[in-house]
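What follows is one structure encoded as structure tokens, with my remarks underneath.
The values are calculated or read from the model by the stated rules, or taken from the named source; none is laboratory data. If you're wondering where the values come from, they're calculated on a predicted model, not measured in any experiment. All Cβ positions, even for glycine, are placed from backbone atoms using ideal geometry, and neighbour counts span all protein chains on display. Protein only, heavy atoms only, side chains kept; ligands, DNA and RNA dropped before computing areas. Shrake-Rupley method; radii C 1.70, N 1.55, O 1.52, S 1.80 Å.
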Amino acid sequence: MKSRREFIRDAGILAASLLVAPKLVNALGGPKKNIGIQLYTLRDIIGKDVQGTIQKIAQAGFKEVETYGYDVKSGFWKYSALDFKKLLDDNGLVSPSGHCAFEDFIEKGNIEVIKPFVEVANVLGSKYVVLPWLSEKNRKNADDYKRVAEKLNLAGEYCKKQGLTVAYHNHGFEFTKFQDKTGLDILLQETDKKLVHFELDLYWTEFAGYNPTDLFEQYPHRFKMWHVKDMDKKNKNWNTEIGNGKIDFKAIFAKAKLSGVKHIYLEQETNYQPDHIASINKSIHFIKDSLLKK
């Protein structure tokens, strides 16, 4: 049995540790190892072995996945949403967000288009339904972007009632200027920040010649998610493993609080060295050891 002195000593140590505990939380406002991956990164291999690929993602140290490509008939690579959720659970993974093909709602305003994605998100326990792409016909001028923003607000209202939030993921084309504003400026300014969040693809932002930290300054707390994707030093059209390329991620991560980011997802689309799984292992180690380490 502990003496009174030992009890007081141990209680003091515990109290001190609780005071220090916030230091274990990184700039993202979450646990250090709370790193995700956009499954599109592994699109070439996941369909061939869904279970094995998910296991390798978990073994690499990822804790979150962002889905893509859900189909009402075939689900996720022939896994129903419920079965896919179980697969994630079995591997200690969660899915806070998913890329969802609801551009038809942007064009026609039919809310039925969004419903299947909302249902899947709620099965998976996700927080965000993300519009990942705009076809060229829907982004030709400033008025197009204003219409997109209007529809995103409507989608946001609908999703909020379902316990979810709509988000928009950028590529490079949103940085086309229309007089003094880019398409992304219009989307950010014309959407309700309470209804529509943004997922900033760091690679595409840099590709278009913009600094992500400048966007954080201009639109603080709007970018709740990031795609962390590096740019090859020799060919800007190629990706590379995080830390091997030309993007200054340390400067970007230093402004994470200003961004408002809650979830970071590794993404790589090209130039895997030496292969997909080795690439994601290299990248997550760099993120953990060099970007999230205080």
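Side notes on the structure shown:
- Count of segment 243-284 residues which are under 17 Å from Val65 (Cα atoms) and aliphatic (A, V, I, L, M): 6
- Selection count where residues are under 26 Å from Ser279 (Cα atoms), over 15 Å from the mean Cα position of the chain (by Cα) and in a strand (DSSP E or B), scope segment 181-235: 1
- Scanning segment 158-199 for residues that are over 21 Å from Lys262 (Cα atoms), of a type outside the set (S, T, N, Q) and open to solvent by 30 Å² or more (accessible area, probe 1.4 Å) gives Tyr158, Lys161, Phe173, Lys177, Phe178, Asp180, Lys181, Glu190.
- Single residue of segment 78-125 satisfying the filter (crowded, with 19+ Cβ neighbours inside 10 Å, touching a residue at least 40 places away in the same chain (Cβ under 8 Å) and part of a loop (DSSP other than H, G, I, E, B)) that is nearest to the chain's Cα centre (by Cα): Phe102
- Residue within segment 252-265 that is assigned to a loop (DSSP other than H, G, I, E, B), on the phi < 0 side of the Ramachandran plot, touching a residue at least 12 places away in the same chain (Cβ under 8 Å) and small (Gly, Ala, Ser) present: yes
- Search result, residues across segment 43-64 that are part of a helix (DSSP H, G or I), in contact (Cβ under 8 Å) with a residue 24 or more places away in the chain, open to solvent by 50 Å² or more (accessible area, probe 1.4 Å) and more than 17 Å from Gln268 (Cβ to Cβ): Gln51, Gln55
The rows are residues; the columns are (1) in contact with a helix residue (DSSP H, G or I) (Cβ under 7 Å, 6 or more places away or on another chain); (2) open to solvent by 30 Å² or more (accessible area, probe 1.4 Å); (3) of a type in the set (A, V, I, L, M).
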{"site": "Glu136", "(1), (2), (3)": "no, yes, no"}
{"site": "Arg139", "(1), (2), (3)": "yes, yes, no"}
{"site": "Ala149", "(1), (2), (3)": "yes, no, yes"}
{"site": "Leu154", "(1), (2), (3)": "no, yes, yes"}
